[in-house]
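One structure is given here, and the rest of the page talks about it.
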Amino acid sequence: MMRFLTAGESHGPALCAIVEGLPANLRVDPAAVNRELARRQQGYGRGGRMKIEKDRVEVLTGLRFKRTLGSPLTLRINNRDFENWTGKMAPDGEAPEELDAVTRPRPGHADLAGAQKYNLADVRDVLERASARETAARVAVGAVAKEMLAAFGISVYSQVVSIGEIAADTLSPDELVIQYEKVENSPVRSADLVAEEKMKTRIDRAKADGDSLGGVFEVVVQGVPVGLGSHVQWDKKLDGRLAGALMSIQAIKGVEIGAGFAAAVRPGSLVHDEIGYEDGRGYFRLTNRAGGLEGGITNGEPLMVRAAMKPIPTLYKPLRSVDMTDHAPFEAAVERSDACAVPAAAIVGEAVVAWEVAVALREKLGGDSTEEMKANLENYLELLARR
């Protein structure tokens, strides 16, 4: 019922997204989208590109006076750096004779595999689209999803769990809500001030060494009702969809939900959540090791998902590669300068998780308007209360 597509190259004229299936009469404030785009550009360890781009969204279709029409929503984010790349990235005209093709694929990127797959002689035809710059469009789409979730009392948060070998004391879902301002004000998205300083020092050292760092971030979704997703088919399981969405983010190499990989080394008695019941509250779990999902279905507890990001593969201390024209060895070219992008990746993680939860909510509630969805939710919650 809901889907989106993004388009655009890193140094092309713009990034675009088309969102289809939103209910009518949903309030979407472009200023809220811009705030999310600004959050993505922050974080300790980011490179010079963030000083060039000041991302702002332009809504072209599907919105009137900050209300959705039920028709496709079209979003556009201009690339300010395009003015410096018109000679290399112009959509029209002929390639200049002096254009230098990129023939040295960088280890850890899509460069070589993409060039082989699409029979391309210039790696730039791959790296421009494979770039993490594309995530700006997904953050814009996620911002719209957050607006929809907020209308139903659902909120999305994130925090950094670790950068390199430095781990932080993370906040529980309830603590995260209360202390979220600390996370938002932290350059590494952590309320643990001791870990924050260690992370910054570690990032500085990696940058000085011409190296990069990865890490782990966590996304928490509060206010999710019971019953989103389904157990009846593999592609309806919400945990699978969340994992796939997070894995689609550039440089993400692992995802866990709830206890995740730790559950593999614990006995069942320390993994599964016991069930309780109280009048006025209904069913609940005494713990939340499942991360709010059982059998691919939300169980009413906060959603908790974590994603592991590999170090950015473009280094100032280049790795070895081979030229595609003559197979001669070379050191890989440098295309970007982030030493660490884990805090920014957490914002992208929020966006893709928000989208998947919004899609599942839309599937559950149906309807053509926000008002109809709210009425359906009220009826559903009344049904749950009687069980």
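The values are calculated or read from the model by the stated rules, or taken from the named source; none is laboratory data. This is a predicted model, so every value here is computed, not measured. Reconstructed Cβ throughout: ideal geometry from the backbone, glycine too, with neighbour counts over all protein chains shown. Each accessible area value is taken on the protein alone, full model and side chains, heavy atoms only, with ligands, DNA and RNA left out. Shrake-Rupley method; radii C 1.70, N 1.55, O 1.52, S 1.80 Å.
Has segment 268-285 got at least one residue that is assigned to a helix (DSSP H, G or I), touching a residue at least 12 places away in the same chain (Cβ under 8 Å) and at positive phi? No: zero hits.
Pick from segment 127-153 the residues that are of a type in the set (Asp, Glu) and either touching an Asp or Glu at 6+ places or on another chain (Cβ under 6 Å) or closer than 18 Å to Asn78 by Cα (or both): which of them is least open to solvent (accessible area, probe 1.4 Å)? Only one residue fits best here, namely Glu128. The residue that is modelled with the lowest pLDDT, counting only those in segment 264-285 that are open to solvent by less than 100 Å² (accessible area, probe 1.4 Å) and under 20 Å from Leu303 (Cα atoms), is Gly282.
Select from segment 230-247 the residues that are open to solvent by less than 60 Å² (accessible area, probe 1.4 Å) and farther than 23 Å from Ser172 by Cβ and write down the one among them that is nearest to the chain's Cα centre (by Cα). Applying the filter and picking the extreme gives Ala245.
The requirement of being touching a Gly at 6+ places or on another chain (Cβ under 6 Å), touching a residue at least 24 places away in the same chain (Cβ under 8 Å) and surrounded by fewer than 16 Cβ atoms within 10 Å (Cβ to Cβ) is not satisfied by Leu15. Which of the residues that make up segment 18-71 are among the charged types (D, E, K, R) and not in a loop (DSSP other than H, G, I, E, B)? Of everything in segment 18-71, those that are among the charged types (D, E, K, R) and not in a loop (DSSP other than H, G, I, E, B) turn out to be Glu20, Arg27, Arg35, Glu36, Arg39, Arg40, Arg49, Lys51, Glu58, Arg64, Arg67.
None of Val232, Val219 is in a loop (DSSP other than H, G, I, E, B) and of a type in the set (Val, Ile, Thr) except Val232. Applying the set (1) of a type outside the set (S, T, N, Q); (2) in a helix (DSSP H, G or I); (3) touching a residue at least 24 places away in the same chain (Cβ under 8 Å) to Ala290 leaves exactly one unmet item: (2). Candidates Glu53, Glu98: the one that is open to solvent by 50 Å² or more (accessible area, probe 1.4 Å) and out of contact with any His (no Cβ under 6 Å at 6 or more places or on another chain) is Glu98.
For segment 248-258, the set of residues classified as surrounded by fewer than 18 Cβ atoms within 10 Å (Cβ to Cβ) and either assigned to a strand (DSSP E or B) or of a type in the set (A, V, I, L, M) (or both) consists of Lys253, Gly254, listed by residue number. Among residues of segment 368-387 that are closer than 24 Å to Gly280 by Cα, those with a Cβ under 6 angstrom from a residue that is surrounded by 14 or more Cβ atoms within 10 Å (Cβ to Cβ) and of a type outside the set (Lys, Arg), sequence gap 6+ or separate chain, pair up as Met373/Pro23; Met373/Leu365; Met373/Gly367; Asn376/Leu365; Asn376/Gly367; Leu377/Leu365.
Within segment 325-360, the set of residues being in contact with a Phe, Trp or Tyr (Cβ under 8 Å, 6 or more places away or on another chain) and either acidic (Asp, Glu) or more than 22 Å from Tyr180 (Cβ to Cβ) (or both) comprises Val334, Ser337, Glu350.
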